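To start, the structure under review is shown below, and the notes come after it.
Read the figures in this text as sums done on the coordinates, not as results from a lab. Since we're looking at a predicted model, the values are computed, not measured. A quick note on method: Cβ atoms are made from the backbone with ideal geometry, for glycine too, and the neighbour counts reach across all protein chains shown.
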Amino acid sequence: MLNSLHSGNRLRVDFSKTPREIEIPNLLQLQQKSYEDFLMLGEKDRKNSTLEKVFRSAFPIHDQQNRLTLTYKNSEIIKPKYTVRECMERGLTYAVSLKMNIELIIWNRDEKTGEKLDPKEIKQQAVFVRDIPLMTDRTSFVVNGVERVIVNQLHRSPGVIFKEEEGTTVGSSLLYSAQIIPDRGSWLYFEYDAKDILYARINKRRKIPVTILFRALDYSKEDIVKLFYPTKEIVIKDNRFLVKFDPSDFSGRAEHDVRDMDGNIVVNAGKRLTKKKAQKLIDEGLEWIEYP
């Protein structure tokens with residue numbers, strides 16, 4: 001059955017057997033809705049706009065001495081001076097001006113404790129941030145007099161990715177790397193070199209030893225060592241090193257004589273420490289042994 005439909009002044013005939021039950025949506029709706037939510041120009045209350053949410057997530061800002069506080073009040077958008085046609089003719093960008101109303105609070109501070117007491121001075125000022133290109137009715141932008149459109153791009157999903165690659169030299173071992181992809185912020189890369197030294201990169205910049213990254217995250221040297229190596233508590237007594245007796249440390253035959261705090265041999269070298277023997281030593285009160 002032929003289906004006739006009008007497209008403007010033209011009559012189009014549809015020869016398809018399956019009737020069309022789904023209307024084709026507006027293919028530019030995604031870009032239009034996203035930009036409308038970004039600025040919300042037609043709304044009196046713009047607190048729910050994406051731009052306002054970004055500003056409010058970054059403020060307030062405090063200095064390290066707790067003397068100054070910078071707070072965000074609201075933003076103001078100034079309408080464009082020229083129309084779309086005038087911008088294309090003059091080679092200008094069709095944009096709106098963004099101003100931010102901020103407040104600077106200078107605090108009186110207790111010199112002994114460093115705590116804030118009360119505001120000493122409050123200053124308010126409207127600061128020009130930048131010009132934001134404005135979307136036209138055709139879902140395009142005019143930049144320097146040239147009309148441009150938005151192209152959607154794929155976004156990497158946040159998460160952690162591990163990779164295994166072969167070395168560039170002949171006979172080299174496998175090289176392991178990892179990527180931490182956040183929802184917002186810089187990407188973090190971890191990689192080994194040919195000498196099995198672990199490095200870190202921030203946004204593919206110059207690599208740095210991973211220990212520098214841990215120190216920047218307020219890890220001490222002891223904390224970094226504990227991340228990569230097992231640790232033991234060692235007690236020094238009478239110029240001897242003592243560790244706690246742990247039967248799990250003795251798998252197979254003992255490589256050396258195991259002595260207690262008094263120097264007596266509890267397990268001879270080359271002998272196996274069975275579970276029954278270990279439990280008997282614990283029941284007899286063996287807690288510390290000499291560290292070889």
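Which angle from 0 to 90°, rounded to the nearest 10, does the C-alpha axis of helix 29-39 make with the longest principal axis of the chain? For helix 29-39, the angle is close to 80 degrees. Looking at region 41-149, the DSSP beta bridges with both ends there are about 100 percent antiparallel.
Please label the shape of region 159-228 as rounded, prolate or oblate, based on the square roots a ≥ b ≥ c of the eigenvalues of the alpha-carbon gyration tensor (a/c under 1.5 means rounded; beyond that, a/b larger than b/c means prolate, else oblate). Cα axes put region 159-228 in the oblate bin. Exposed loop sites are taken as trypsin sites (Lys or Arg not before Pro) in a DSSP loop (any state but H, G, I, E or B) with at most 12 other beta carbon atoms within 10 Å; the longest stretch of the chain without one runs 233-292. By other beta-carbon atoms within 10 Å, ranking TYR189, TYR82, TYR94 with the fewest at the front produces TYR82, TYR189, TYR94. By other beta-carbon atoms within 10 Å, ranking HIS155, HIS256 with the fewest at the front produces HIS155, HIS256.
Among MET261, MET40, the order by Cβ neighbours within 10 angstrom, fewest to most, reads MET261, MET40. Subtracting the Cα-Cα distance of ASN144 and ARG56 from 0.36 nm times their residue separation leaves 28.6 nm of extension gain. Seen from LEU104, the other residues with C-beta closer than 13 Å to its C-beta sum to a net charge of +1, counting Lys and Arg as +1 and Asp and Glu as -1. Extension gain, ARG156 to ILE265: 0.36 nm times the residue separation minus the Cα-Cα distance gives 33.1 nm.
About its Cα centre, how strong a charge dipole does the chain have in debye, to the nearest 20, once Lys and Arg get +1 and Asp and Glu get -1 at the Cβ? List each step's numbers first, then the result.
Details: 49 positive and 43 negative charges, 177 e Å.
Value, rounded to 20: 840 debye.
May I ask which residue of THR113, PHE250, TYR189 lies farthest towards the positive end of the charge dipole of the chain, with charges of +1 (Lys, Arg) and -1 (Asp, Glu) on Cβ and the Cα centre as origin? Of THR113, PHE250, TYR189, it is TYR189. With N as its number of residues, the chain has a Cα radius of gyration that, divided by 2.2 N^0.38 Å, comes to 1.83.
Placing unit charges on the Cβ atoms only, positive for Lys and Arg and negative for Asp and Glu, gives region 107-154 a dipole magnitude near 80 debye about its Cα centre.
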